[in-house]
């Protein structure tokens, strides 16, 4: 599993010290917050000069949704129950067909839980495909019915 996390991080341009930092955050969660991490997602965006910025590292397992806010700069961690807790999901996409991302693709997914916890997942370029998969495999399956 560790290799797939590294592969994902490298595929969206996280390398060197940023990669080490991300892997350390994942290990912290696994050691001190939850026993396992099944999937991860990094929020990112492109600024006006087309420079990519990475904000938050999201971690998921069957029970919890976790967020390391501004994970490259600080230690600010949270955890909330996820199983059948989502009451709202919003998808906003640009130049993205929900099949294959391009260099122009952008997407934001916003969620709200049944106890009013909110989350925002931003993605650009190829990271849109990863966010789509998080939506399909995790988020939409945890909507309250």
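Only the coordinates and a few stated rules stand behind these numbers; no lab work does. All of these numbers come straight from a predicted model, not from anything done at the bench. Every residue, glycine among them, receives a Cβ derived from its backbone with ideal geometry; neighbour counts consider all protein chains shown.
Okay, here's what the table says:
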item	result
Of residues in the stretch 58-104 being farther than 18 Å from residue 133 by Cα and part of a strand (DSSP E or B), the one farthest from the chain's Cα centre (by Cα)	87
Long-range neighbours under 8 Å by Cβ, at least six apart or interchain, first residue on the phi < 0 side of the Ramachandran plot and touching a residue at least 24 places away in the same chain (Cβ under 8 Å) within the stretch 115-129, second assigned to a helix (DSSP H, G or I) and crowded, with 18+ Cβ neighbours inside 10 Å	121/131; 121/134; 123/130; 123/131
Residue count, the stretch 2-41 (criterion: buried (at least 17 other Cβ atoms within 10 Å of the Cβ) and in contact with a helix residue (DSSP H, G or I) (Cβ under 7 Å, 6 or more places away or on another chain))	11
Cβ pairs under 9 Å, 6+ apart, first in the stretch 68-80 and in contact (Cβ under 8 Å) with a residue 24 or more places away in the chain, second in a loop (DSSP other than H, G, I, E, B) and surrounded by 12 or more Cβ atoms within 10 Å (Cβ to Cβ)	72/14; 77/33; 77/69; 77/71; 79/33; 79/34; 80/117
Positions within the stretch 104-135 being out of contact with any helix residue (DSSP H, G or I) (no Cβ under 9 Å at 6 or more places or on another chain) and within 16 Å of residue 53 (Cβ to Cβ), in sequence order	120, 124, 125, 128, 131
